[in-house]
Every structure is written in C-alpha cells, then in structure tokens.
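Shown next, in structure tokens, is the structure this report addresses.
The values are calculated or read from the model by the stated rules, or taken from the named source; none is laboratory data. All figures in this text were calculated on a predicted structure; none of them were measured in a lab. No Cβ is skipped: glycine too gets one built from the backbone with ideal geometry, and neighbour counts run over all protein chains shown. To get the accessible areas, we keep the full protein, side chains included, count just its heavy atoms, and leave off ligands, DNA and RNA. Shrake-Rupley method; radii C 1.70, N 1.55, O 1.52, S 1.80 Å.
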Amino acid sequence: MKKITLILFILISVSSQAQKTENIIIITTDGFRWQEVFKGVDPAIANDKKFNQGDSTYIYKKYADSNPVASRQKLMPFFWSEIATKGQVYGNRELGSKVDVSNPYWFSYPGYSEIMTGNVDLQVNSNGYKPNPNSNVLEFLNKQSKLKRKIAAFGAWDAFDRILNEERSGFPVISAFDKVGGNKPTPAQNLLNEMRDNSFKPFHEDECLDVFTHYQAMDELKNKKPKVLYIAYGETDEWAHHGDYRSYLDAANQVDKWIKEIWDFVQNDPQYKNKTSLFITVDHGRGDKTKTQWTDHGADVAGASEIWFAAMGPEIAPKGEIKTESQFYQKQFAQTIAKILGYTFATDHPVAEEIKEVFEK
C-alpha cells in the first residue's frame, strides 16, 4: 500500500511540473523607459514646454498623480492590474531590480538582435545593418516539429526583415509597409493593406503607425492561430525622439490596451486559454540624467542601457513586481523564451542562460 501511495505521489508531482505553456506571445514597445513603467508621469518632462506639446493639462488629467504608484496604474492599467499580479515584472531600479542591455551600442537593431539571438555580436553596430547573420530563437523554434510553420512576427519598423533575417529564418516577418496575405489576401487583409498604405505617414516609409501592426497581428492570431507570435510596436520610441511627451505617453497607454485585447482573446480561445505565456520588454532605454536626454539613447546617453521586462503564463509564478536586489541582461531573454515553451535554444553561437528566477516558485 505504501508503494502504491508513493507511486501516486510521484506521478502527481511529475504531472504538476509538466509543460503547460504551448504558445507564447512576445511583445516589445520600442524604447519605453523603465521610469514611466514604474513611476508613471515624469513631472519634470510634463512641465517642460519643449516636450508637453502645449498640453500639460491633458497629461496631468489623464495620467498623473502625486503618488507614482497611482500614476503608473493610470498610464498602464492592464499591466499593473493583471500582469503585475499574475506574473512577474523586473526593472524597478529604485528597488534594486536591475535589467540592462549587454551590447555597447544602446540602440534598436543591436537591442532586438540581442533579445532574439541571446548573444552580443559586436559587428551588429548599425540600424542599417545587413540581414542578421546570427540565428534567432524564433528561427530555432520554427525548426521544432510541434511549432514548425506556426511562427509569425509583425513589426512597425522596416528593419525587422533584416533583424530576424526573414529569408533564412523561414517564417513570415511583416514589417512596416509589407503587405499581409501574400498573393491571396482575405477581404480583411486587403482592407488592412489599403488603410495602411493610404494612412498618414509621420515616420515616412521606414515605419508604419502601430495601429496597423497591431491589427495585422490580431488578424493572424485569430485566423491562423500561431503558436509563437512576436509583435513589435514602435511609436513610444518615435514620439520620444520627436520630443512629444504627450504622444509618447499616449502610445504607451495604447500598447497597454492592446496587450489587454490580446490577453482577453487568448483567454477566451480554446487553443490558447491557460496554455499561453506573455513576454514583454524593450530594445533599449533612454536618458534620464538630464531631462533633455529623455528623447535620446545610444552609448553616449547615460541610462540608455537600462531596460525592464515582464512575463506571465502557466510556467511563471505570480511574484508580481520584483523588489529584491538582482541583475539580469537582455541577452538572457532568448533562452528564457525558449525555456518557457520547454525547449533549450542551441545554435552555432553562444546563447546566454535563461533567467532562472522566472521559473522559481
């Protein structure tokens, strides 16, 4: 009888530790600072006429509060009500939780390459760099039998075709003004293509507005049901470079709404419900030492290496906001993503180890 009981205990224990995540959605919002994520509106920027677009009243009414915790909740309500209670959030440096890029450049292409390859290639030193010679974790996952041809990526910036090396990687990468649907677009995809092409183009042909990237990705999620989906929003970075703090905050708030829309769909779909994880992060930080530098990033901008990330899903314990001393790096994200799905990312270049704390109960 004791042996039977022991066997049952072992079986239950193994079952409870079994892989539960079958799908993952990776989301980035370009260059969104940890300062706003964890502290909400920065009054020094909001009060500056150079940056508030002449509408500080709007900023204060919609997002500000004398309590930084309340302000961050107004800015990102879903993030702080759902992800921070049911998942994990890293990067509040004021509490000792540090996350940084490892590459020495502190701008987009090297940052996205580091996220996806788990490696720092010093040759990847320009936003105009050629198709990435380094294998990425999405490419690796596309080679796994359960995931093959069930990977898709959507990015507002046209560089994602090169960052993810679409031609070699073998999965679709829809970036900027790429058409969705190939040679046989559905009526909905035709409409998305037409609306995007005929839209206002504040960032010219290099980058489309996030709304098009989002709805293209949602169309994919609802109709093709990918097991691995990457969505890269870009307006947080663009409006920051323009020095438009109101629009920067609005863009972040909109991304939060879209993440809620994604999660609401996921949790009401049989393929995804309780079998899907989210991983959310950024490619780089921004300046903070002088308020004029919040618009910029790069190796000469203090603080631009400082980033954050969040994760939520079946494999991830609900630890909430991490308030203990820790130091993690962007290059650890690729292996963490693979491990969330139950794989070990291995390729012909070094891959940094996963963030083990994400999986600790």
Compute the accessible area per residue over the chain, keeping the other protein chains in place, probe 1.4 Å, unit Å².
43
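Rounded to two decimals, what ratio of Rg to Rh does the stretch 252-361 give with C-alpha atoms and a Kirkwood Rh?
The Rg/Rh ratio comes out at 1.01.
Please give the direction-averaged projected area of the C-alpha convex hull for the stretch 201-247, in square nanometres with one decimal.
On the way: hull surface 15.7 nm².
The Cα convex hull of the stretch 201-247, projected and averaged over all directions, gives 3.9 nm².
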State the antiparallel share, in %, of DSSP beta bridges confined to the chain, rounding to the nearest 5.
25
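Expressed in whole Å with the largest first, what are the equivalent ellipsoid semi-axes of the stretch 23-124 derived from the C-alpha gyration tensor as the square root of 5 times each eigenvalue?
Numbers: eigenvalues 161, 71, 31 Å².
Value: 28, 19, 12 Å, ordered largest first.
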So what are the three principal axis dimensions of the stretch 135-186 from its Cα atoms, in whole Å, longest to shortest?
29, 25, 15
With Kirkwood's inverse mean 1/r over C-alpha pairs for Rh, give me the Rg to Rh ratio of the stretch 154-296, two decimals please.
0.98
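Run the accessible area of the stretch 20-79 with a 1.4 Å probe and give the carbon-and-sulfur part as a rounded percent. Intermediate values should be presented prior to the final figure.
Working: 1260 of 2390 Å².
Carbon plus sulfur share of accessible area: 53 percent.
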Taking a threshold of 19 Å on the Cα-Cα distance, which of the pairs Lys222/Lys339; Lys227/Lys339; Lys227/Lys275; Lys86/Lys319; Lys146/Lys225; Lys273/Lys319 fall above it?
Lys222/Lys339; Lys273/Lys319
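Based on the alpha-carbon gyration tensor of the stretch 171-233, what equivalent-ellipsoid semi-axes (square roots of 5 times the eigenvalues) come out, in whole Å, largest first?
Values: eigenvalues 71, 38, 19 Å².
Each semi-axis is √(5λ); the values are 19, 14, 10 Å.
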So which chymotrypsin sites (Phe, Trp or Tyr not before Pro) in the stretch 185-224 are both in a DSSP loop and have at most 15 other Cβ atoms within 10 Å of their Cβ?
Phe200
Any idea what Rg and Dmax come out to for the chain if you just take the C-alpha atoms, in Å?
20.3, 77
Once the Cα gyration tensor of the stretch 16-57 is diagonalised, semi-axes √(5λ) in Å
39, 12, 8
The stretch 76-233: Cα Rg divided by the 2.2 N^0.38 Å rule of thumb
1.12
Assigned charges on the beta-carbon of Lys, Arg, Asp, Glu; the stretch 82-218 dipole about Cα centre (debye):
640
Cross-link reach list, aspartates and glutamates versus Lys201, counting only Cα pairs under 16 Å and skipping chain neighbours closer than eight places:
Asp158, Asp178, Asp210, Glu235, Asp237, Glu238
How big, in percent, is the set of alpha carbon pairs in the stretch 263-309 lying more than 12 Å apart?
66
